[in-house]
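The values are calculated or read from the model by the stated rules, or taken from the named source; none is laboratory data. Just so we're clear, the structure is a prediction, and the values are computed from it rather than from any experiment. We place every Cβ from the backbone using ideal geometry, glycine too, and count neighbours over all the protein chains shown. These area figures cover heavy atoms from the full protein model, side chains too; ligands, DNA and RNA do not enter into them. Shrake-Rupley method; radii C 1.70, N 1.55, O 1.52, S 1.80 Å.
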Amino acid sequence: MTKKHIFPKNALCAPQGPSRAEYILFGVIAAAFYFLFGHPDLLETARHSYILIRSTLNGNFFGFYEDVFQRVYSEYYFTNAAHYNILMYILYALWELPLYLAERIGGFAFSDLALALWCKAIGTGFYLGCGFFMARLARGLGCSDSICRWMPLFFWLNPISFFTTLTMGQYDSICLFFTLWALCEYFDGRMLRFSFIIGVGVVFKFFPLLIFAPLVLLAEKRPVRIIQYGLCGLWLFVPTSLLFAGRTGDASFFTSEMLQRVLQSVFPGGMMPVSRILLFLVLVCCAAFLYRPADDAVLRRTAIYGALAIFSVLFLLIHWHPQWLILLVPFALLAIMMQRQKLPWCLLHIAFCIGYFCLIFFQYPQALEGNLFDFGILVPITGTLYALMPTLHSVNLYLNSIPFSPHIVSALFHAPLVCMPLFFFPLRRGSIGDLLSGRQEDSFLPRLFCWGCFAAGFLAVWCVPSVYSYGRTVGWF
């Protein structure tokens, strides 16, 4: 009798890509976190968009920002006024329109939880779309068919992208979606499409601008064309910003604060301090303009490396918000898949994710752990609010009991941000890391990396401690 194996010999290699069962498992896990957790930022944006619907129907579209600003401490319990570009609120308002009409016409009453879960679908949809663009970009970089098939799940199950989108409910995936789509056009040499599409991403968050100029200078050396593409990249941001000039509530002040956060890391110059980020971007732009890639393949690899280097230095130097790190994930994954020796970098990436969550526990105590249950379906079921408990058991209390934990955590997060730009630097015969290793490709196991990174970098480091602290706080154990 022939012995049947539950898993084939190449189960961990899985050259055929993820199985149907793995996609189903991902869907089940994603749905669980989608409904169990949330973050107040999403509810704020959802309610702001509701006000936009009312303002528009009342003929006061241009008074939207002022309307929100006036209501911020009265009718609603927001902690922030409307701070995003108007297109963000238009997108959410269009998505919320069926709920608004159901309330106005049908007399239905939707809770804050129902509104938040409805709107969480927007960021989730763009997050799923990013996964498909990851496969397309990997194919453009010449990755194997096996890796291309795994790339969507690599991104979806990455601890940082999974946490920021499906757990927190943040919407930075919208900006990232258009950035990755633009890069697909860039890989195909369609520079005008690249500029127009990345211009859409800019209105949702300004981060694509950081890589836009270097990528244009890398591919184009003619000044007139450079100016043309630069203007195309701002085709949507400039008019929508001018549309509400002078009537944005405190949105302009908030934008200035965010820019100041990016620019506040400085070198002590002789006459006055100089921003490290701006100085680095100028150096990158100069190098991009001077460098002439030998062919399209080199251009694509250099583009991915450049984006990785820029975002790595950015998050190395600034005080970031946790949801911003999703912008780094695609470029880190693609850069790792371009290396001949993938295993060391996969392990380093897992360490980076561990450092990310531990750093969050230190920097945002009681803000991104058990309290996220308060914005999910557990509250109407149990009637218990974490935030109202007399004693809060925060995860950082346990972390502080580990000797030298702040130093260890900081190194886990920041060391990869230095190592990746340094050892992934592209040379003629491969990256610096490839040349140092002096070895052939290792036996990369996509399935092990995909699920192992999720289990070790997210479930073990964020999920289990957060559930434990929540349980201790509400009296489960």
So F449, is it open to solvent by less than 40 Å² (accessible area, probe 1.4 Å), over 17 Å from A335 (Cα atoms), of a type in the set (F, W, Y) and modelled with pLDDT of 95 or more: no
The listed residue being of a type in the set (A, V, I, L, M), open to solvent by 20 Å² or more (accessible area, probe 1.4 Å) and within 23 Å of E185 (Cβ to Cβ), out of L128, L101: L128
Pairs where the first residue, in the range 117-136, is among the basic types (K, R) and the second is surrounded by 21 or more Cβ atoms within 10 Å (Cβ to Cβ), C-beta under 8 Å, 6+ apart: K120/G38; K120/L42; K120/G169
Any pair with Cβ under 6 angstrom, 6 or more apart, that starts in the range 304-322 at a residue that is touching a residue at least 24 places away in the same chain (Cβ under 8 Å) and ends at one that is part of a loop (DSSP other than H, G, I, E, B) and surrounded by fewer than 20 Cβ atoms within 10 Å (Cβ to Cβ): L317/S265
Hits in the range 16-40 - residues which are over 14 Å from F163 (Cβ atoms) and assigned to a helix (DSSP H, G or I): R20, A21, E22, Y23, I24, L25, F26, G27, V28, A31, F35, P40
Residue match in the range 106-122 (condition: touching an Asp or Glu at 6+ places or on another chain (Cβ under 9 Å), open to solvent by 20 Å² or more (accessible area, probe 1.4 Å), within 29 Å of V329 (Cα to Cα) and assigned to a helix (DSSP H, G or I)): yes
Top-ranked residue of the range 54-63 - restricted to ones that are assigned to a helix (DSSP H, G or I) and open to solvent by 10 Å² or more (accessible area, probe 1.4 Å), ranked as farthest from T248 (Cα to Cα): L57
Output for the range 191-214, where each listed residue is assigned to a helix (DSSP H, G or I), among the hydrophobic types (A, V, I, L, M, F, W, C) and open to solvent by 10 Å² or more (accessible area, probe 1.4 Å): M191, L192, F196, I197, V200, F204, L209, L210, F212, A213
Residues of the range 215-229 satisfying the condition of being touching a residue at least 60 places away in the same chain (Cβ under 8 Å) and surrounded by fewer than 16 Cβ atoms within 10 Å (Cβ to Cβ): K221
Residue under evaluation C232, criteria (1) closer than 17 Å to I304 by Cβ; (2) surrounded by fewer than 24 Cβ atoms within 10 Å (Cβ to Cβ), criterion not met: (1)
Members of the range 267-279 that are within 25 Å of the chain's Cα centre (by Cα) and surrounded by fewer than 16 Cβ atoms within 10 Å (Cβ to Cβ): L278, L279
Cβ-Cβ under 6 Å pairs, at least 6 apart or on other chains, the range 409-421 side in contact (Cβ under 8 Å) with a residue 24 or more places away in the chain and over 16 Å from V329 (Cβ atoms), far side of a type in the set (V, I, T) and surrounded by 19 or more Cβ atoms within 10 Å (Cβ to Cβ): L412/I354
Single unsatisfied condition, Q228 versus (1) touching a helix residue (DSSP H, G or I) at 6+ places or on another chain (Cβ under 7 Å); (2) over 19 Å from V72 (Cβ atoms): (1)
Criterion: open to solvent by 60 Å² or more (accessible area, probe 1.4 Å) and either out of contact with any Asp or Glu (no Cβ under 7 Å at 6 or more places or on another chain) or modelled with pLDDT under 95 (or both) - qualifying residue of L372, L299, L392, L388: L388
Considering residues of the range 18-48 that are surrounded by 15 or more Cβ atoms within 10 Å (Cβ to Cβ), over 20 Å from T384 (Cβ atoms) and of a type in the set (G, A, S) only, the residue modelled with the highest pLDDT: A30
Residues located in the range 236-259, provided they are out of contact with any helix residue (DSSP H, G or I) (no Cβ under 8 Å at 6 or more places or on another chain), open to solvent by 40 Å² or more (accessible area, probe 1.4 Å) and assigned to a helix (DSSP H, G or I): V238, P239, S241, L242, S252, F253, F254, T255, S256, E257, L259
Residue list for the range 431-442, restricted to those being out of contact with any helix residue (DSSP H, G or I) (no Cβ under 8 Å at 6 or more places or on another chain), surrounded by fewer than 16 Cβ atoms within 10 Å (Cβ to Cβ) and touching a residue at least 24 places away in the same chain (Cβ under 8 Å): R439, Q440, E441
Residue in the range 328-347 that is under 20 Å from V282 (Cα atoms), open to solvent by 30 Å² or more (accessible area, probe 1.4 Å) and over 16 Å from the mean Cα position of the chain (by Cα) present: no
Search result, residues across the range 336-349 that are of a type in the set (A, V, I, L, M), farther than 13 Å from F155 by Cα and in contact (Cβ under 8 Å) with a residue 60 or more places away in the chain: M338, L343, L348
Among the candidates S437, S410, S431, S401, residue that is among the polar types (S, T, N, Q) and within 21 Å of the chain's Cα centre (by Cα): S410
Selected residue [hydrophobic (A, V, I, L, M, F, W, C), under 15 Å from I326 (Cα atoms) and crowded, with 17+ Cβ neighbours inside 10 Å] from L137, L157: L157
